[in-house]
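To start, the structure itself, in structure tokens.
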Amino acid sequence: MTFYVSAIILGLGFSLLALGIFLSLRVFNFPDITTDGSFTLGGAVTAVMLTWGYHPLMALVASMVFGAVAGMCTGIIHAKLKVNPLLAGILMMTALYSVNLAIMGRSNIPLINQDKIFDTLYMSEFSTMLSFTIVFWLLLSLLLKTDFGLAMRATGNNEQMIRSLGVNTDRMKITGLAISNSLTALSGYLITQYQGFADINMGIGIVILGLGSVMIGEIFVRSSVTNIFIRLAAIILGSILFRLVLAAALASGVDAGYLKLVVALIVLVVVGIPNLLKRT
């Protein structure tokens with residue numbers, strides 16, 4: 001039972017990553033590979049600051065700011081230098097590997113006997129993850145319902161039309177990617193403290209986890225549903241279900257070394273089966 005509770009806690013932590021990917025992929029139609037680097041960036045900044053004795057809340061702010069800067073850089077590379085979105089993300093992700101290694105100073109930082117956010121808030125790991133998830137679900141939902149948020153959504157739906165109305169779409173993309181990657185870094189902040197260490201390779205392939213969560217979440221919401229609160233709640237549910245499926249796979253005896261293969265197969269099934277059903 002504890003095994004599945006841990007999976008739910010991880011699902012809540014990764015749901016912030018999924019919300020970030022939803023923002024970049026579904027709102028802006030931007031396949032942002034920066035995620036792999038900004039997730040590790042959030043964990044690296046967190047681990048270094050905690051080991052240096054900084055307050056966990058200061059590490060929270062710093063990790064989100066660093067993540068936002070990474071997203072802004074990707075947005076600038078794409079919007080100002082006119083680089084393909086996928087390539088812009090790959091370039092930033094590659095650069096962030098060296099940046100993260102420079103921040104950490106080594107490949108792995110354990111958080112032994114360090115005060116964590118769970119201790120600061122005097123809350124259990126589950127309650128802390130749930131609280132963060134609810135707060136940022138509400139904040140992101142409210143943001144996307146404002147005029148600014150509607151302009152961001154319109155940028156992804158019809159960039160040419162919204163530009164003709166006087167909206168600076170480049171600025172919208174840069175801002176959106178900054179918010180997206182700050183959420184991803186926040187996920188890295190929480191997961192690092194939950195697992196008790198930061199590792200330079202912790203973000204490799206993490207984008208597929210977020211993408212899978214988005215895909216699974218969208219199964220529960222019809223395409224006609226426009227209520228952003230419901231759509232984002234479904235993404236969070238998708239993240240939790242994704243971790244539970246992985247936990248069930250490990251519990252059934254699947255070797256941990258094949259976990260990435262299991263993740264890829266799950267996403268393939270989620271993406272492929274609906275397309276097959278449409279053809280029949």
Counting only residues that are in contact with a helix residue (DSSP H, G or I) (Cβ under 9 Å, 6 or more places away or on another chain) and either over 25 Å from L261 (Cβ atoms) or small (G, A, S) (or both), segment 200-226 contains a total of 9
Which one is nearest to the chain's Cα centre (by Cα), of the residues in segment 150-173 that are of a type in the set (V, I, T) and closer than 20 Å to L81 by Cβ? T155
Of the residues in segment 85-139, those that are closer than 30 Å to A234 by Cβ and loosely packed, with under 12 Cβ neighbours inside 10 Å number 2
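Could you please find all residues in segment 157-171 being assigned to a helix (DSSP H, G or I) and either within 17 Å of H78 (Cα to Cα) or in contact with a Lys or Arg (Cβ under 8 Å, 6 or more places away or on another chain) (or both)?
E159, Q160, R163, T169, D170, R171
Each row is one residue, and each column tells you yes or no for (1) in contact with a strand residue (DSSP E or B) (Cβ under 8 Å, 6 or more places away or on another chain); (2) more than 22 Å from T34 (Cα to Cα); (3) modelled with pLDDT under 80.
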residue	(1), (2), (3)
I219	no, yes, no
R231	no, yes, no
A248	no, yes, no
S252	no, yes, no
Y258	no, yes, no
A264	no, no, no
V267	no, no, no
I273	no, yes, yes
K278	no, yes, yes
Can you confirm whether T175 is modelled with pLDDT of 95 or more, of a type in the set (S, T, Y) and in a helix (DSSP H, G or I)? yes
Considering only segment 118-129, state which residues are of a type outside the set (D, E, K, R) and part of a helix (DSSP H, G or I). F118, T120, L121, F126, S127, T128, M129
Positions within segment 89-117 being free of Cβ contacts under 8 Å to residues at least 40 places away in the same chain, in a helix (DSSP H, G or I) and farther than 14 Å from G203 by Cα, in sequence order: L91, A102
Between T226, T175, T192, which is touching a strand residue (DSSP E or B) at 6+ places or on another chain (Cβ under 7 Å) and either over 18 Å from V48 (Cβ atoms) or of a type in the set (V, I, T) (or both)? T192
Members of segment 18-49 found to be under 10 Å from the mean Cα position of the chain (by Cα) and of a type in the set (A, V, I, L, M), listed by number: A18, L19, I21, L23
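The values are calculated or read from the model by the stated rules, or taken from the named source; none is laboratory data. These numbers were taken from a predicted model, which means no experiment stands behind them. Counting neighbours? That spans all protein chains shown, and the Cβs are built from the backbone with ideal geometry, glycine included.
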